[in-house]
Amino acid sequence: MCASEKLAGGRLTIDRDAIAANWSLLKGLLKPGTACAATIKADAYGTGTTSTAQRLWAAGCTTFFVALPEEGALVRSALPDATVYVLGGLFSGAATDLAAGNLIPVLNCIAEVQEWADFCKGENRAFPAALQLNTGMNRLGMDPDEFADVMAQKDLTGSFDIALLMTHLACGSDPEAPLNRQQLNTFIAATQPFDHLPRSMANSAGVFLGPDYHFDLARPGISLYGGKALDTAANVMNPVAMVEARVMQLRHVPKGQTIGYGGAETVTRDSKVALVAAGYADGLHRRAGSSDDRPGGFGVIGNHKVPLIGRVSMDMIALDVTDVPDDAVARGSFVEMLGPNVAASDLAAYAETIDYEYLTGLGRRYYRRYAALPAPQER
Ligand SMILES: *Cc1c(COP(=O)(O)O)cnc(C)c1O
């Protein structure tokens with residue numbers, strides 16, 4: 001992270017109040033009785049684990065999901081009283097560390113259940129754990145028959161505290177996907193005998209899929225950070241992050257010449273080009289570049305949309321500012337590359353990826369500040 005705004009290629013603004021507002025909005029969509037947790041893995045999707053955890057706690061969020069034990073430890077040091085689940089599970093040999101950090105592993109296979117049970121017996125104390133079921137995603141979790149088997153072995157499950165039963169949707173972003181219902185039915189069938197235990201299924205998309213998917217606890221991630229949970233509906237969340245990159249130089253490029261590595265794009269008119277200090281090392285994906293064969297992403301300066309021209313380099317990009325008046329762009333101007341006017345999901349589409357990858361890939365070279373984001377421009 002660059003400590004000085006003056007010396008940074010770009011600045012990253014994080015709006016913590018917008019994250020809190022998104023959490024409240026999601027909570028308001030849940031059926032009565034469903035609690036709303038927050039998934040804050042991968043540095044809270046690029047927004048900063050500690051500050052985001054603290055802001056969400058102030059908004060009333062008490063339960064957090066992270067991917068890795070190390071991320072859990074960071075949340076724990078920020079929030080002594082929060083409930084913190086580690087989705088990646090129980091890494092072998094990590095039980096002592098997890099319990100000492102007051103972190104709750106999501107046990108994903110029988111071997112993990114066995115290891116946690118042995119640990120709890122050794123300590124003579126029923127530490128909490130979640131159990132994850134695989135209902136069709138075929139990533140982490142126990143198949144329903146394995147889960148039934150585990151639950152039948154009282155010497156295993158009797159030695160620890162089952163805090164949560166959970167599963168994860170594979171196709172939640174597509175409300176029409178038949179797998180959603182299938183996963184729901186599989187989860188209900190498998191957990192029915194244990195309906196005294198709290199259950200969780202919904203990520204962000206699951207919140208929008210409706211009350212059938214809510215159960216006792218929702219664990220949204222991407223929607224908290226302004227991302228687009230459903231492919232098929234407009235995004236109602238507030239943007240929370242803005243990247244602005246510095247114009248280092250303006251250049252005139254005559255019609256017929258090319259710009260950048262590989263000469264990938266030939267300009268079709270006499271052009272004014274801004275060289276801007278952010279590239280793929282700052283999380284602007286190389287695939288978002290432009291060539292004679294396909295258009296690339298864009299930035300926004302003032303109320304002008306400015307397209308990328310040519311390839312994205314490691315440390316810079318070129319933007320076509322021909323249509324921007326001279327008094328609106330100069331050396332030292334900042335161009336919005338992500339934010340209220342440039343949705344991460346739009347930018348991601350140019351790079352053939354998703355907003356999750358854009359947000360979590362926001363580089364470490366920006367000057368970072370916490371402030372409210374401006375309202376979107378009228379264009
Ligand atoms: C990442 C993750 C979430 C949050 O998902 P979003 O799509 O970002 O809302 C929830 N549950 C699990 C198991 C996850 O891995």
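The values are calculated or read from the model by the stated rules, or taken from the named source; none is laboratory data. Here the structure is a predicted model, which is why all the values come from computation and not from measurement. Here the Cβ is made from the backbone with ideal geometry for all residues, glycine too, and neighbour counts use every protein chain on show.
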Notebook entry, point to check: Can you name the number of the only condition in (1) closer than 30 Å to Ala42 by Cβ; (2) touching a strand residue (DSSP E or B) at 6+ places or on another chain (Cβ under 8 Å); (3) of a type outside the set (Ser, Thr, Tyr) that Ala264 fails?
Noted result: (1)
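Hey, can you tell me all the residues within the range 254-285 that are part of a helix (DSSP H, G or I) and free of Cβ contacts under 8 Å to residues at least 60 places away in the same chain? Explain how you work it out, then say what you get.
Of the range 254-285, the ones part of a helix (DSSP H, G or I) are 261-263, 280-282.
Result: Tyr261, Gly262, Gly263, Tyr280.
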Note to self: I'm told Asp149 meets every condition in (1) away from the ligand (no atom under 16 Å from the Cβ); (2) of a type in the set (Asp, Glu); (3) crowded, with 22+ Cβ neighbours inside 10 Å except one. Can you identify the failing condition by its number?
What the structure shows: (3)
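Restricting attention to the range 116-146, report how many residues are hydrophobic (A, V, I, L, M, F, W, C) and within 16 Å of the ligand (Cβ to nearest atom).
The total comes to 7.
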Note to self: Take Pro239 and tell me if it is away from the ligand (no atom under 15 Å from the Cβ), modelled with pLDDT of 95 or more and not small (Gly, Ala, Ser).
What the structure shows: yes
Checklist line | Residue match in the range 19-30 (condition: surrounded by fewer than 19 Cβ atoms within 10 Å (Cβ to Cβ) and within 30 Å of Gly332 (Cβ to Cβ)) | finding: no
Notebook entry, point to check: Across the range 24-68, which residue is nearest to the ligand (Cβ to nearest atom) among those that are under 25 Å from Gly283 (Cα atoms) and of a type in the set (Ser, Thr, Tyr)?
Noted result: Thr39
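Look through Asp155, Asp161 and report the one residue that is charged (D, E, K, R), surrounded by fewer than 22 Cβ atoms within 10 Å (Cβ to Cβ) and touching a Phe, Trp or Tyr at 6+ places or on another chain (Cβ under 7 Å).
Values: Asp155 fails: touching a Phe, Trp or Tyr at 6+ places or on another chain (Cβ under 7 Å).
None of the others qualify; the one that does is Asp161.
Please find, within the range 176-197, the residue that is nearest to Glu112 (Cα to Cα) out of those that are of a type outside the set (Val, Ile, Thr) and in contact with a Ser or Thr (Cβ under 6 Å, 6 or more places away or on another chain). Break it down into steps so the answer makes sense when it comes.
So the first thing to find is which residues in the range 176-197 are of a type outside the set (Val, Ile, Thr), and the list is 176-185, 187, 189-190, 192-197.
Restricting the remaining residues to those that are in contact with a Ser or Thr (Cβ under 6 Å, 6 or more places away or on another chain) gives 183, 187.
Numbers: Gln183: 23, Phe187: 20 Å.
Filtering the range 176-197 for residues that are of a type outside the set (Val, Ile, Thr) and in contact with a Ser or Thr (Cβ under 6 Å, 6 or more places away or on another chain), the one nearest to Glu112 (Cα to Cα) comes out as Phe187.
Table: residues versus (1) away from the ligand (no atom under 16 Å from the Cβ); (2) at pLDDT below 95.
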| site | (1), (2) |
| --- | --- |
| His214 | no, no |
| Arg219 | no, no |
| Asp293 | yes, yes |
| Thr322 | yes, no |
Notebook entry, point to check: Of the residues in the range 8-59, how many are farther than 18 Å from Ser223 by Cβ and touching a strand residue (DSSP E or B) at 6+ places or on another chain (Cβ under 8 Å)?
Noted result: 7
